[in-house]
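Some notes on the structure that comes next.
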Amino acid sequence: MTLTPGESVTVEATDALCQKGWTAAELLSSPDRLTTPLLYGRPATWAQALDHVAARLEEVRAAHGPDGVAVFGGGGLTNEKAYQLGKFARVALGTSQIDYNGRFCMSSAAAASIRAFGADRGMPFPVTDLAEADVVLVAGGNPAETMPPLVRQFAAPALIVIDPRRTATARLAALHLQPTPGTDLALALGLLHLAIAEDAVDTAYIGRRTTGFDAVRTSVSSWWPERVERLTGVPVAAMRQAVQMLKNADKAVVLTGRGAEQHAKGTDTVTAFINLALAFGLPGTPGSGYGCVTGQGNGQGGREHGQKADQLPGYRKIDDPAARAHVASVWGVDPDSLPGPGRSAYELLDALGTEEGPKAMLLFGSNPVVSAPASARVTERLKALDLLVVVDFVPSETARIAHVVLPSTQWAEENGTMTNLEGRVQLRRQAIDPPEGVKTDLEIIQELARRLGHDWPAEPREVFDELRLASQGGTADYAGITYERDGVFWPCPAPDHPGTPRMFLDRFHTPDGLARFVPVEHRAADEEADVDYPVYFTTGRVLAHYQSGAQTRRIAPLVEASPEPYVELHPDLAEQLAIAAGDLVRVSSRRGTVEGVARISDAIRSDTVFMPFHWEGANRLTNPALDPTSRMPEFKVCAVKLEKVA
Ligand SMILES: Nc1nc2c(c(=O)[nH]1)N[C@H]1C(S)=C(S)[C@@H](COP(=O)(O)OP(=O)(O)OC[C@H]3O[C@@H](n4cnc5c(=O)[nH]c(N)nc54)[C@H](O)[C@@H]3O)O[C@H]1N2
Ligand SMILES: Nc1nc2c(c(=O)[nH]1)N[C@H]1C(S)=C(S)[C@@H](COP(=O)(O)OP(=O)(O)OC[C@H]3O[C@@H](n4cnc5c(=O)[nH]c(N)nc54)[C@H](O)[C@@H]3O)O[C@H]1N2
Ligand SMILES: [Mo]
């Protein structure tokens with residue numbers, strides 16, 4: 001069967017997609033598969049490539065110090081790889097300069113959850129709870145296209161979807177709120193204002209389980225519905241309906257996706273939605289809650305084991321002396337030798353090759369030439385490096401500009417664990433033999449570490465057992481999880497502990513056990529539409545394409561894939577600009593220009609255009625302005641102008 005993106009995404013169709021029963025070999029086959037190391041574009045032996053990399057790393061370290069070398073990871077890596085990469089950076093290289101693409105993914109939601117609950121586990125309850133809820137509010141997520149199996153949980157609850165586009169998910173909704181990109185924070189403040197005004201909040205829960213409500217109540221008092229309507233474009237009646245739905249629900253869930261999170265005020269926006277959820281008494285209540293719909297194969301586990309500049313394994317903070325002492329003891333090093341925190345992902349990429357910045361970088365599991373904001377600038381920085389080493393299984397756009405490319409195995413060719421969006425640790429077993437000539441990421445790290453004087457295992461189970469020790473006593477405690485105990489929810493501190501499907505039932509992860517209301521203020525997008533760049537630009541995903549691999553990783557033949565990049569715009573805007581469906585359109589921002597084919601649709605606001613980010617180009621336009629807390633770039637809103645290409 002074939003699915004068409006948009007209307008036809010239904011529970012039945014996504015079930016069929018999930019149950020199609022493709023073999024791993026069918027899913028993995030790629031004509032572009034890399035099977036030989038490449039040294040300056042030429043095939044080389046593994047010994048030549050690894051010796052060269054190790055020697056160059058030593059040179060850079062000698063000339064510029066340990067921070068001269070950077071490491072960049074990804075949320076697609078297994079837990080074992082993410083852990084070993086963090087250890088490799090801190091111990092073998094001694095560098096503080098490590099970060100990963102999760103910074104571009106859900107870091108705002110993680111920061112907001114930690115601020116409110118003292119801990120972040122994406123969805124702190126099983127996804128099956130969603131099916132039991134009466135109402136699910138989805139702010140800035142399009143799971144019908146990005147998480148099709150989740151749609152099965154949406155059959156019963158009434159959905160409220162907040163998205164500037166009437167997406168496949170919005171079409172399943174009882175209520176669709178369609179704000180201008182970048183205005184969700186005002187919308188959430190307005191919803192809370194209304195909930196308080198209409199006496200819809202759960203005062204007993206607020207008194208028993210939270211602190212800080214009074215300051216939040218005061219902070220939303222000036223966010224009258226009419227003011228919010230003017231700012232967001234969402235009618236007052238629709239806001240009232242949303243509040244009524246939440247008020248009447250016995251069980252309700254608030255979810256955020258990248259649409260609400262990928263903003264220079266993403267942390268505060270998610271905080272405003274968490275405040276709303278707390279006001280209705282949802283977090284830590286069985287069957288209800290707040291959750292972030294985490295992306296990537298291991299988006300959850302990827303953030304827990306120390307790939308992030310400010311973190312150590314167990315979701316520990318690198319500037320916490322007790323955390324440093326524990327992890328250093330597992331690693332057999334002096335706590336004072338652990339470097340960091342270092343730069344965040346975009347700040348790291350933007351510093352590459354500069355006087356103060358790293359001169360060499362090892363990259364595992366990301367393709368920043370396509371996926372980083374202001375990508376033309378980032379590409380220049382990558383090209384300015386003395387040494388760029390990319391480990392991948394296909395020649396990504398970033399691999400194509402690397403000095404050294406090391407070919408690795410991919411998922412079904414190796415064992416490893418992944419932690420899913422609800423915090424369950426799952427063993428992904430090897431299903432097929434890798435092609436001749438490739439090594440696993442763990443073997444590559446082992447070989448490089450050996451050349452730098454360390455003898456480390458490359459067997460996933462051995463690495464996992466060390467990770468268990470390193471995580472022991474941390475927030476994400478894996479100590480009791482083993483390769484034999486598949487599907488356990490963390491925290492799980494001991495082998496006889498059942499794991500924790502629902503967090504926060506008795507207390508939140510804060511010193512006093514209470515959740516914190518945090519007052520936040522709305523502000524405009526970093527770059528507002530103006531006379532020169534009069535249209536809002538937003539980006540995201542479509543069902544048929546996966547991440548930065550529009551060319552190499554489409555899920556065709558399952559779904560109808562677009563052969564070329566496109567721009568979605570409203571008929572009114574198209575008419576004003578004399579653009580017809582199928583015309584080639586040039587879209588420009590202050591940072592660059594991209595071309596795409598016009599798709600005209602009344603599903604999008606007339607002040608906004610949308611472009612999938614799967615193709616190289618959309619990110620030439622995006623704004624790298626960063627959230628002050630999470631350091632998340634403003635992927636979801638900037639200002640552009642459009643013209644038809646003659
Ligand atoms: N098919 C497919 N599935 C995927 C992926 C993929 O590439 N392809 N990637 C995976 C990954 S890594 C992730 S992180 C998840 C992401 O999953 P989602 O968060 O669902 O994905 P996005 O399409 O990035 O953004 C969701 C929606 O945000 C809307 N949006 C844009 N700007 C705003 C705004 O200012 N406010 C609001 N409220 N909404 C806005 C967009 O119109 C879009 O429909 O998907 C995962 N699943
Ligand atoms: N404009 C805009 N930009 C965005 C987004 C957006 O919504 N809009 N979304 C952001 C988000 S949420 C994300 S997650 C990022 C994603 O963007 P990237 O960080 O670039 O991630 P991928 O496109 O998944 O690329 C992963 C690369 O690693 C390789 N790879 C996969 N698994 C492994 C492995 O196990 N080992 C090794 N060595 N390599 C592996 C793949 O072949 C691929 O080349 O993009 C971000 N950029
Ligand atoms: Mo992501």
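Nothing in this text is a laboratory measurement; each read-out follows from the coordinates by a stated rule. If you're wondering where the values come from, they're calculated on a predicted model, not measured in any experiment. With ideal geometry, Cβ positions are generated from the backbone for all residues, glycine too; neighbour counts draw on all protein chains shown.
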Open item on the list: Cut-off is 10 Å between beta-carbons; in what order do MET418, MET147 appear when sorted fewest neighbours first?
Closed with: MET147, MET418
- [ ] Along Cα→Cβ, 7 Å out, is where each label goes; now give me the distance between the ones at ARG152 and GLN430 in nm to one decimal.
- [x] 2.9
TODO: Just need the relative contact order of the chain here, percent rounded to a whole number, with Cα pairs under 8 Å and 6+ apart.
DONE: 20
- [ ] Quick one: check the C-alpha center-to-center distance for the stretch 463-521 versus the stretch 257-289, whole angstrom.
- [x] 20
Open item on the list: Quick one: 3J(HN,Hα) in Hz for the stretch 225-233, Karplus 6.51/-1.76/1.60 with θ = phi - 60°, rounded, Gly and Pro as x.
Closed with: x, 5, 5, 5, 4, 4, 7, 9, x
Task: Within the stretch 535-644: Cβ-based charge dipole about Cα centre, in debye rounded to nearest 20 (Lys, Arg +1; Asp, Glu -1) - done: 440
Open item on the list: If packing is taken as the average count of other Cβ atoms within 10 Å, what order do 133-143, 373-383 fall into, highest mean first?
Closed with: 133-143, 373-383
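Mean residue ellipticity at 222 nm from the helices of the chain, using -39,500 (n - 2.57) per DSSP H segment of n ≥ 4 over the full residue count, to the nearest 500 deg cm²/dmol?
-8500 deg cm²/dmol
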Task: Farthest toward positive dipole pole in the chain [+1 Lys/Arg, -1 Asp/Glu at C-beta], among CYS292, PRO434, GLY41 - done: CYS292
TODO: With unit charges on the beta carbon (Lys/Arg positive, Asp/Glu negative), name the residue among GLY140, LEU150, THR409 whose Cα is farthest towards the positive pole of the charge dipole of the chain.
DONE: GLY140
Task: Intensity falloff of the stretch 222-302 expressed as log10 I(q)/I(0), Debye formula with alpha-carbon point scatterers, at q = 0.11, 0.17 Å⁻¹ - done: -0.36, -0.84
Task: Computed magnitude of the charge dipole of the chain (debye, nearest 20; Cβ of K, R +1, Cβ of D, E -1) - done: 240
- [ ] Answer rounded, prolate or oblate for the stretch 156-200, using the Cα gyration tensor with square roots of eigenvalues a ≥ b ≥ c: rounded when a/c is under 1.5, else prolate when a/b is larger than b/c, else oblate.
- [x] oblate
Open item on the list: I need the peptides 222-229, 482-489, 445-452 ranked by packing, meaning the mean over residues of other C-beta atoms within 10 angstrom, with the highest value on top.
Closed with: 445-452, 222-229, 482-489
Task: the chain: mean projected area of Cα convex hull, nm² - done: 26.9
Open item on the list: If I take the Cα coordinates of the stretch 531-646 and project them onto the principal axes, what are the three extents in Å, biggest first?
Closed with: 40, 39, 25
- [ ] Determine, from the Cβ-Cβ distance of ASP532 and ALA384 and an R0 of 45 Å, the FRET efficiency 1/(1 + (r/R0)^6), rounded to the nearest 0.05.
- [x] 0.90
Task: Close Lys-Lys pairs in the chain, where close means Cα under 25 Å and separation is 8 or more or interchain - done: 19
Open item on the list: At a 10 angstrom cut-off on C-beta neighbours, averaged per residue, how do the peptides 533-539, 186-192, 322-328, 120-126 rank from highest to lowest?
Closed with: 186-192, 120-126, 533-539, 322-328
TODO: Give the residue from ALA82, PRO501, ALA252 lying farthest towards the positive end of the charge dipole for the chain; charges sit on Cβ (+1 for Lys and Arg, -1 for Asp and Glu) and the dipole is referred to the Cα centre.
DONE: ALA252
Task: Quarter of the Cα convex hull surface for the stretch 302-402, i.e. its orientation-mean projected area (nm²) - done: 7.2
Task: Per residue, the convex hull volume that the Cα atoms of the stretch 192-261 enclose (Å³) - done: 120
Open item on the list: Please compute the Kirkwood hydrodynamic radius over the stretch 38-120, one decimal place, Å, based on all pairs of different Cα atoms.
Closed with: 15.1
- [ ] Please give the length that would be gained between ASP496 and GLU459 if that part of the chain were fully extended, namely 0.36 nm times their separation in residues minus their C-alpha to C-alpha distance (nm, one decimal).
- [x] 10.8 nm
